[in-house]
Structure formats: structure tokens, C-alpha cells
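Q: Sharing a structure with you now.
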Amino acid sequence: MYLNMPANVTQGSNDHRSTTQAIFRCLNHPRTMAANLPTLATPTSNNLFAAADLGSNSFKLLVARADPSSGRFVPVDRLKHPVVLGRDLPSSCAISTASQLRALDALSDFHRLLRSHDVPLAHTRLVATAALRQASNQSHFLSQIRQTLGLEIEVISGEEEARLTYLGVLQFCPLFNQRVLTVDIGGGSTEFVIGKEGEVEFGASLKLGHVTLTEEFVKRNEITAMREEIRSVIRRSGLIEKVREHGFEVAVGSSGTIRAIEKAVSRGYCEGDVGLFDGCRRDWRFSRGELGKLVGKLCGEEVGREEKVRRERFFKRRSEFIVAGAVLLEEIFGMMGIEEMEVSGYSLGEGVVAELVDGVFGDFDLKANARWRSIERLADRFNNKTRMKSAASCAGIAKGMFEGLMKWNEPGDSENKLSCSLDDKDLEYLEAACLLHNIGLFTVKKGYHKQSYHIIMDSDQLRGYNYKEVKIIALLARHHRKKFPKMDHHSLQGFTKEVKRKFRNLCAIIRVSVLVQQYLSINSQVMEFSHSCDGFKLVLGQIRDQPLELGDGDVQHLAMDIDAELTKELEHFRAVFQQKLVVVPSSSLNSSER
């Protein structure tokens, strides 16, 4: 197992009978009784994994689907509840009855979602952080959760939390080979990790959180006193000396608070032009100067009613704690000498999932997810939601075709059927090109495929891929339409004959996938790609975003359009694979089978 650091699980001891009675009164309520179910389902063969992060501010559940061959995982469901356990700690060492009831309600929802997805028990891990680490009634509360919901909660140490957060960051940011300082601001504590190549060199957890700081200082409008307390805690911890000793090449922020700060900077919160934001402006980073400007705006002497309403509308539930979080981060920047911070969309939950995937499949590639995230980030940067959904659907169709071809090509009685050998890397290039093939529409419509090529080649955004890999992806996007490239096409100069054959294989797949998705708007998960003595058949389901209602004439017209566009691509497919391909759009379009 990678990232080895001992995890100290703390345990509480106090028993509070009044709390027990209140919890059981809640459990007898009809709404809660439905969640009072047996233990989660036993392990199955599915590839779903789940991680719950029970923090001082919010409880978050992540359900992800992992690919055993690549180690990549994709979030399929998320759930978040603002439990705010940390609000109790400044005035009491115990989690209050009210907070426990909110926590129980959230965990009941988590339990239902885990059961609905049938996530294997062995693929699930629920971890609790600062609030429960410090709570005197921790043991009693965890016992009640175990008895009522059958859920085992693991209270992890601050160092273990920091380690898992660093692991989560590596799934989002392609920084594996760099020495990274990770900062994660939570509701009750802030975690610091310095790591390189998946190994933790130093980790620390300080009792500085945006919830506890808000309760102690912000609500009394004691910002100066809060700054002094932050500096005092950091100095006494010896953190500055440790950071200087190890050094770092890049600083990364991974918490919801830091993501909210980056969002405010990128959307021009300080300038008041939030409404002008578009996805292309988001860089997932901000500078020390930009942070200082935002803090000045948030801590301004005159914060009238209009500004408070604007703040609540922008930061939503986090608005109550954003001042403490931003001031804390500004002090960290100053004391650690940080001039710019990258922001990770992944954190503790994704780190837990990564470790679970490694434990089940083994040989986990710490760089696989971050590399793929750079593809998704580039697609997000230039595509609106509609185009992004279309691109993702296209990738699903292409993956189904690729896997069908690989199955057909498995060793058997006959010799190798493909003109070249394809592998998981080729599938990754194909899926990447599908996600990026339409980003050129951001600037132009005519000839957008050429613009997609230039954006991919010139953006320097596909981190983790070498130049030749980026060019293969860009060329697939460039040639997903118009003239089909020949083996001696000038754009393929410099590639070996084997790579050129692979490229033509992938090109034939992406061209069919784009057309099928474009004309049918199908759900790519409802499809079947099979082979028989007559050749290949691609059967697509009827499920759409909206029901398709067509008369006989409409069906015939649509079938003619599909035939006109697909004819050339099916000929290309036959030429490349020496096999016929039949496309069956849906049961309502049987007349269009070819």
C-alpha cells in the first residue's frame, strides 16, 4: 500500500443518557424508521466505491465507479448535509443532542443512497475528522450509529486526514513528480501535508477551523484578535520551521472553503461582475494579491444589508464562515511564503476512494485520475453543459465499440483480426478525443474540428501526457469529421506505421460515434455492440432526454438522414476493419437497419 503513515484512531468514553433518549425518540419517528435498516449489502462484483467524510462543518458522501484496468474512477453520485458539529466545541467538549440528531439524519440519507446503489460493504469507508476527534461523547455517539444504522464510523487522526487529503489531491492535480504543500481548511482543523511522488514527507493538523474561529471571533467582530490567535497557534506548532526544512514547489488548496475563494476570485466577486462569468475564465488557481483583495472586501468596515444579501447569494451556506476561512488562509499565505495556490476539486473523500480502489484491484496508478481530470477540465473550460453532455455520450458509444472490437479480437481459433494491437492507452486517447472533439465550437461553427485541434495542441492543459500522446488526441478530434485520413496523410508524419494503423482504427470508431450521438441524442449506456458471421451490429436504446414522438413520415425522413450521413462512415469502418457494421438506432427505427 502506498502513502504509509500510521492512523491513530481516537476513542471517547462518556455516556449521556439524555442524549440516548432523544436519539431513540427521533428513531421512532416515521421518517427515521425507514432508514433504520439492517447492515449494508454484502460485497458484490460491481465496481462501485463509496467514501463518507464526516467533517466539522458538513457530512459528504461520494459514490464512484472505478475502472479495474486503468484505476480511474468517476463520481456517479454525491450527497452533502450541513451538520456543523464543530459549532458545539468552543463552548462544550461534547457534541450536543441537536447536532447528533442532525448527524443521524444525514447518515440515514447516506445509508439509503448506499443501499440504492448496492455499494459493497468492502468498498465502503466512512471517516470522521476534527469534531469527533475532540468530542468527549464520541464513543457513545458512534455506538448509537452502529446499533441503529449498522454503520461503522472510523475516527481518523489529523495526520491520517492530511495523508488521505494529499492522496485525493493527486487524483485531481497532475503534480505527482513535484514536492507539494497541501492545505485543507476544515470546520474544526486545518491539515498540512508536504509530499512528493505519493510519499508523505511531513504532515500536521492544527486546531484552526473556519467554524470554531467564526464562533470564537467573527461573531464578536474580533478580526484582529482572530489573526493574532491564528499566528500564535501556527508559531507554537513549529509548522513554519518544518515547512522551511522540507520546502515545496507548489501549494495546493483542497477544501470547500478554498474552492469557494477561488470561485469568488475567478467570478470577479470583488468587482461585482459575477454575472459575466463563463467557464473559460476559471483557472483553478489564485494569487496572494487576489486573496488579499477578497479578504479586504469581506472584512470591510461597512458591510451593509445589500452586501450581506449578495454574500449569502454567492457563498450560500458557506457565507457564515467565509470570513474566518479567508482570513485564516491569508495568514497561512503570509507565514508560509505562498505567492500562488492551485486548487483541487478533490480532497479527503477522493483520497479514501483511491485507497479503497488500490486495496481491491492493486497496482493503482496514482497519476491516472489526475491525467484524465486534465482532459475533463479542458472540456469544461470550452464546452457548455449541452455540448459537454453530448461529448460524454459520444465517449460512451466509442468505448462500447472499442471494447466490442477487443473482444472480437481475442485470441482463438483464428489469427489476429485487427491490423494492429490496441490497448488501454488507446482507449484512453479515444475517450479523450471524444470529450474534446467539439470544443472548437466555443469560437467557430464552420471548421470547428480544426479549431478543436489547435486548442488541444496550444493550450498546454493536458498535463501528464507527452507530446505525441497529446498530438494523437488532437488529431482524432481534428479528423472526427470531413475527409478520412489516409496512411500517408501529412498530419501523421513522424509516427510509425503501427501508430498510424492504430490511429485509423480509432478514427473509424470516433467518426461513427459522433454521428450516432449527434443524430439520435441517445443514452450511450443503453447500447449493444456485437459480432456475428454477418459482421458487427450497433444497437442503440430508445432512452432520451425527452420522449421521441415521431409519425411514420418523420421516422422515414430521420432514417434517410441517418443513412445519408452514415453511409460514408460505415464504408470507412468496413475498409479499416474488413467487417460490415449495421447501426440500429432504436426499435422505432427498425426500418433504418442497413
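Q: Using θ = phi - 60° and the Karplus form 6.51 cos²θ - 1.76 cosθ + 1.60, what ³J(HN,Hα) does each residue of the stretch 341-350 get, whole Hz, x for Gly and Pro?
A: 10, 7, 10, 9, x, 10, 8, 4, x, 5
Q: What order do Cys270, Cys93 take when sorted by accessible area (1.4 Å probe), most exposed first? Please report the intermediate quantities before stating the final value.
A: On the way: Cys270 35, Cys93 90 Å².
So the residues, ranked largest to smallest area, are Cys93, Cys270.
Q: Then there's this: Per residue, how much accessible area does the stretch 89-190 show when a 1.4 Å probe rolls over the protein heavy atoms, in square angstrom?
A: On a per-residue basis, 26 Å².
Q: For the stretch 425-430, what does the Karplus curve 6.51 cos²θ - 1.76 cosθ + 1.60, with θ = phi - 60°, yield as ³J(HN,Hα) per residue in whole Hz, taken in order and with x for Gly and Pro?
A: 4, 5, 5, 4, 5, 5
Q: How much accessible surface does Arg102 have with a 1.4 Å probe, in Å² rounded to 10?
A: Solvent-accessible area, nearest 10 Å²: 90 Å².
Q: Based on the Cβ-Cβ distance from Val582 to Asp458, what FRET efficiency comes out when R0 is 51 Å, to the nearest 0.05?
A: So the FRET efficiency works out to roughly 0.85.
Q: Note down the relative contact order for the stretch 57-128 as a percent, whole number, built from C-alpha pairs under 8 angstrom at least six residues apart.
A: Numbers: 63 pairs, mean separation 18.7, N = 72.
This gives 26 percent for the stretch 57-128.
Q: Determine the dipole magnitude for the stretch 209-362: charges of +1 sit on the beta-carbon of Lys and Arg, -1 on that of Asp and Glu, nothing else is charged, the reference point is the Cα centre, and the result goes in debye to the nearest 20.
A: Values: 25 positive and 28 negative charges, 91 e Å.
Approximately 440 debye in magnitude.
Q: Count charges around Val193 for me, please; just the other residues with Cβ under 13 Å from its Cβ, Lys/Arg as +1, Asp/Glu as -1. List each step's numbers first, then the result.
A: On the way: positive: Arg163, Arg179, Lys196, Lys242; negative: Glu159, Glu160, Glu161, Asp184, Glu191, Glu199, Glu201.
Every neighbour counted, the sum reads -3.
Q: Moving on to the next point. Towards the positive end of the charge dipole of the stretch 173-345, with charges on Cβ (+1 Lys, Arg; -1 Asp, Glu), say which of Val180, Thr257, Phe315 has the farthest Cα.
A: Phe315
Q: Counting only protein heavy atoms and a 1.4 Å probe, tell me what percentage of the stretch 46-156's accessible area is made up of carbon and sulfur.
A: Numbers: 1790 of 3510 Å².
C and S fraction of accessible area: 51 percent.
Q: Residue by residue through the stretch 438-453, which ³J(HN,Hα) values in whole Hz follow from phi under the Karplus form 6.51 cos²θ - 1.76 cosθ + 1.60 (θ = phi - 60°), with glycine and proline marked x?
A: Working through the residues one at a time gives 10, 5, x, 5, 4, 10, 9, 9, 6, x, 5, 5, 5, 5, 4, 4 Hz.
Q: Related question: Could you list which residues have their amide H under 5 Å from that of Phe59, counting only those 5 or more apart in sequence or on another chain, with H placed in the peptide plane?
A: Counting only residues 5 or more places away or on other chains, the set is His81, Val83, Val84.
Q: Per the 1.4 Å probe, what fraction of the accessible area of the stretch 173-345, in percent, lies on carbon and sulfur atoms? Please list the in-between numbers first.
A: On the way: 3240 of 7630 Å².
The computed percentage sits at 42.
Q: Tell me the per residue accessible area of the stretch 200-249 using a 1.4 Å probe; a whole number in Å² is fine.
A: 55 Å²
Q: Please work out the C-alpha center-to-center distance from the stretch 87-145 to the stretch 434-501 and express it in whole Å.
A: Comparing the Cα centres of the stretch 87-145 and the stretch 434-501, I get a distance of 48 Å.
Q: Ranked highest first by average number of other Cβ atoms within 10 Å, how do 214-222, 418-426 line up?
A: 214-222, 418-426
Q: What relative contact order, as a whole-number percentage, does the stretch 391-474 give when Cα pairs under 8 Å and 6 or more residues apart are counted?
A: 28 percent
The values are calculated or read from the model by the stated rules, or taken from the named source; none is laboratory data. Values in this document were obtained by computation on a predicted structure and should not be read as measured data. Note that each Cβ is placed from the backbone with ideal geometry, even for glycine, and that neighbours are counted across all protein chains shown. Ligands, DNA and RNA are excluded from the accessible area calculation, which covers all protein heavy atoms including side chains. Shrake-Rupley method; radii C 1.70, N 1.55, O 1.52, S 1.80 Å.
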